[in-house]
Amino acid sequence: MPTILTIFGLRFFFYADEHLPIHIHLENADGLAKIELEPCIKLIENKGIKPRDIKRAITIVEHYREEFIEQWKKFHDE
């Protein structure tokens, strides 16, 4: 489960056996969430993360989207 980024108490990661579409998981002390990166950024699942933290996470994903996708492809040999 490679961690890609930890910022503002949010840890962005993916699992080794992931599936398409490309997405990123995130966690903080409150819970877990999943955000799709392609074809567009979209919250897929939220289990306990507060709305303000989800909003912050979406902003971070918008900023780092290309890097997250690059890391995904590199790790999964795409």
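Quick check on this structure: which one of ASP30, ASP17 is among the charged types (D, E, K, R), more than 15 Å from ILE69 (Cα to Cα) and without any contact (Cβ under 8 Å) to a residue 12 or more places away in the chain? First the steps, then the outcome.
Working: ASP30 fails: without any contact (Cβ under 8 Å) to a residue 12 or more places away in the chain.
Of ASP30, ASP17, the one residue that is among the charged types (D, E, K, R), more than 15 Å from ILE69 (Cα to Cα) and without any contact (Cβ under 8 Å) to a residue 12 or more places away in the chain is ASP17.
Being polar (S, T, N, Q) and either at pLDDT below 95 or over 19 Å from MET1 (Cα atoms) (or both) is the filter here; which residues of the stretch 11-59 pass it?
Once the filter is applied, which keeps residues that are polar (S, T, N, Q) and either at pLDDT below 95 or over 19 Å from MET1 (Cα atoms) (or both), the stretch 11-59 yields only THR59.
Provide a single number: the residues in the stretch 33-78 that are among the small types (Gly, Ala, Ser) and closer than 15 Å to HIS23 by Cα. Before you say what the answer is, go through the steps one by one.
Start the filter on the stretch 33-78 by keeping residues that are among the small types (Gly, Ala, Ser), which leaves 33, 48, 57.
Narrowing further to those that are closer than 15 Å to HIS23 by Cα: 33, 57.
Of the residues in that region, 2 qualify.
Exactly one condition in (1) crowded, with 17+ Cβ neighbours inside 10 Å; (2) in contact (Cβ under 8 Å) with a residue 40 or more places away in the chain is false for ILE49; which is it?
(2)
The values are calculated or read from the model by the stated rules, or taken from the named source; none is laboratory data. The model shown is predicted, which means the values in this text are computed figures rather than measured ones. Please note: Cβ atoms are built from the backbone with ideal geometry, for glycine as well, and neighbour counts cover all protein chains shown.
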